[in-house]
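Report on one structure; see the data block that follows.
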Amino acid sequence: MAPYDDWNKIDEEEDEELQDAAYFEGKRDVILFCIDCSESMLELRDDPDYEDTQTCHLFTVLEAAVQIQKKKVIVGPNDAVGIMLFNTTRKSETSRTQSELKRGTYAYQPISPLSAPTIQETIQLLDAFREDPEELRRAFPPVKGKKVPMGDVFTSCNWVLRDGAPKTATKRVFLITDEDDPHSGPGSQQLITSARTTLIDLTQAGVTVEPFFISTPEKPFDVSKFYSSVLLPTNLADEDEIDSSDPSVLPESISISRIEDLLAQMRFHEVPKRAHFSIPFKLAEGLSIGVKGYGLVTEQKKGTYKYFIDLGERMEVASVRTVYIDEAREAEVDKNKMVYGMSLGYTAAAAEEDEEDESKIDSNVRIVKVGKRPFYTAEDIRSFRTLGLEPGIKLLGFKDRNELAFEDNIKHSQFIYPDELAYSGSKRTFSALIKSLVKKKKIGLVLALTRKNATPMFYALLPQEEKVDEGGWNDPAGFHLIPLPFADDIRAAAVEKGFRASDELKDAARAWIDKLSVKNGAYPPDSYPNPALAYHNAQLEASAFREQYDPDSFEDLTLPKYEMIHKRAGALMKAWKRALVNDKSADVVTAPGKLAGTKRKAASLFPLSLLF
């Protein structure tokens with residue numbers, strides 16, 4: 001009999017796993033760096049890393065943009081990046097295929113696929129600045145007097161993305177500035193309204209704006225002066241309830257206290273938020289809202305290699321496709337005419353006998369004898385897997401929050417967020433459901449089919465309230481979609497009796513653990529890259545830019561800092577080891593017996609009417 005995994009490979013080429021194809025089909029990411037080029041961004045200051053060297057905010061931002069592009073050449077070669085400067089008198093050179101930008105904005109690097117020559121041009125500009133600190137000021141002269149209206153900046157961003165970005169790509173704008181009030185004085189309210197209107201147009205075109213605000217001790221950045229009234233809120237509150245003077249409505253904005261932290265913050269935002277699915281959420285009969293699902297944890301792997309064919313003058317990528325050949329006719333078989341079946345223990349003699357019987361029957365007629373091999377179409381197999389359900393989430397009921405056990409979380413959960421574009425009013429309904437469940441300390445129980453070719457599963461809906469910290473990072477409001485285990489997913493433990501350490505031993509261990517704990521109890525995984533992947537990508541990056549790579553220069557950030565560990569907790573660890581030697585429970589060794597997994601009995605059954 002064919003293994004069960006083979007049945008999951010029956011996917012028609014024209015089927016799309018995601019429903020909102022207009023937004024989710026493209027796997028390419030487009031980033032437009034929208035950089036302020038005003039006088040304050042070009043102001044020279046001492047470099048904190050190098051003596052007798054001067055730098056400026058614009059240099060640091062361009063250097064960060066180069067680092068992002070160099071990394072994307074390896075991890076996202078199909079992505080596209082552009083750089084647009086505003087508050088500069090330099091004019092863009094337009095062509096027939098490009099729009100003329102607003103006055104005061106300049107497309108330094110139009111949206112285009114990543115390429116080493118384009119990145120090297122920016123590197124040469126930065127090298128020239130290191131030798132002559134006035135190079136950037138000559139290349140991008142700042143405007144004098146009035147600054148460029150932010151409405152014109154967003155309009156130019158829209159035009160640059162329209163000319164160069166693919167329609168199905170994920171489009172984002174990294175807005176970088178140190179000016180918290182660009183339109184002070186008379187007429188500021190009209191400019192604020194214009195900026196917000198053009199930003200809404202940009203958002204409706206599928207573009208996300210992610211601001212990076214540069215704040216220094218000499219020039220603090222106050223979001224409430226201008227940007228809290230312009231940038232769109234990302235929380236679940238209704239627009240009527242939002243206080244425009246409250247900077248907390250901008251959880252996605254990052255206030256950078258040190259310009260040197262810009263690259264680190266950009267790395268966190270480098271990977272786009274792509275939805276795994278976009279499906280309806282049925283709360284009751286006749287009441288549905290739209291939601292999107294996002295994966296919070298995924299494994300990062302090395303990029304897949306490609307096959308190339310040598311055509312003499314150039315190398316072309318060889319595409320791979322699978323076809324099925326009829327051996328008798330030596331012709332390709334149409335996939336739509338294929339059926340699927342199981343052998344059901346056939347012997348060679350029985351198979352030969354069936355072939356003789358089938359040869360006597362008209363080739364256009366398919367007869368299946370009783371007890372013999374059954375055949376199914378791809379649509380039949382899909383209906384077996386999905387139970388005839390359409391993609392969506394159906395609310396079945398509620399349970400107390402304490403009934404969700406820790407061991408029930410056996411797979412990676414997904415995070416769902418309302419999709420206002422699918423159903424009007426989704427945010428308001430979604431927010432009301434979250435507040436109600438949090439207030440009553442309940443969780444939801446749902447049946448969900450996330451994709452056309454997936455298998456329906458029962459999930460727990462764990463509500464999460466929105467939390468914003470001082471730096472601007474936030475945990476958005478939404479639901480964690482936790483797959484609930486089947487009865488045979490949880491088995492009895494092999495060891496039925498545990499040995500507990502004494503209180504003295506636990507106190508000795510707690511002493512050195514507290515000394516080595518991570519600050520704030522948080523572990524930022526982006527700060528500790530996978531050393532194998534980082535080493536691999538560094539070599540590829542050097543090869544792509546034809547640079548010499550020194551393996552000794554590679555730094556593994558995951559290696560323990562042994563000197564610091566022994567300095568802070570060495571004596572406490574020795575005391576713990578002495579206590580461990582004197583503890584009798586530490587000498588106990590048990591050989592776990594082979595216990596077969598036992599299935600749990602179903603506590604209750606759901607009526608079929610709830611499932612369909």
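Readers should treat all values here as calculations from the given coordinates under stated rules, not as data from a laboratory. None of the values given here were measured: they were computed from a predicted structure. Counting neighbours? That spans all protein chains shown, and the Cβs are built from the backbone with ideal geometry, glycine included.
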*So which of K335/K394; K506/K561; K171/K335; K440/K467 end up more than 29 Å apart by C-alpha?*
K335/K394; K171/K335
*Based on Cα positions only, what radius of gyration and what Dmax would you give for the range 535-581, in angstroms?*
19.2, 57
*Residue order, fewest to most surrounding Cβ atoms within 10 angstrom, among S215, S224, S38*: S224, S215, S38
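Could you sort the peptides 571-582, 160-171, 418-429 by per-residue average Cβ neighbour count (10 Å cutoff), highest mean leading? Each step should come with its number before you reach the end.
Numbers: 571-582: 14.1, 160-171: 19.8, 418-429: 17.2.
Top to bottom by mean Cβ count within 10 Å: 160-171, 418-429, 571-582.
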*Between F277 and residues 5 or more places away or on another chain, which pairs have amide H atoms under 5 Å apart, with H built 1.01 Å from N, and which residues are they?*
G293
*asked:* Whole angstrom only: what separates the Cα centroid of the range 521-567 from the Cα centroid of the range 393-417?
replied: 37
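Ranking I111, I513, I176, I325 by Cβ neighbours within 10 Å, fewest first, what do you get?
Numbers: I111 23, I513 14, I176 27, I325 10.
Listing I111, I513, I176, I325 from fewest to most nearby Cβ atoms yields I325, I513, I111, I176.
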*Return the long-range amide H neighbours of T216 (sequence gap of 5 or more, or a different chain), with a cut-off of under 5 Å between placed amide H atoms.*
F221
*asked:* On the Cα set of the range 389-481, report Rg and Dmax in Å, please.
replied: 14.1, 44
*Amide H to amide H under 5 Å from V173: which residues, 5+ apart in sequence or cross-chain, H placed 1.01 Å off N in plane?*
L32, T208, V209, E210
*What is the gain in length, in nm to one decimal, between H412 and E563 on full extension, counting 0.36 nm per residue of separation less the C-alpha to C-alpha distance?*
50.8 nm
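Where does each of V73, V230, V518 land when they are ranked from fewest to most other beta-carbon atoms within 10 angstrom? Mind showing how you got there, number by number?
Details: V73 20, V230 24, V518 8.
Sorted ascending by nearby Cβ count, the order is V518, V73, V230.
Starting from 0.36 nm per residue, how many nanometres of slack lie between E39 and K467 once their C-alpha separation is accounted for?
Working: separation 428, 0.36 × 428 = 154.08 nm, distance 3.58 nm.
Separation in residues times 0.36 nm, less the Cα-Cα distance, equals 150.5 nm.
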_Inter-label distance for F499 and K219, nm, one decimal - labels placed 7 Å from Cα along Cα-to-Cβ_ = 6.6
*Quick one: Cα centre-to-centre distance for the range 311-331 and the range 106-154, in angstrom?*
46
_With the cut-off at 1.5 for a/c, could you classify the range 503-587 from its C-alpha gyration tensor as rounded, prolate or oblate?_
prolate
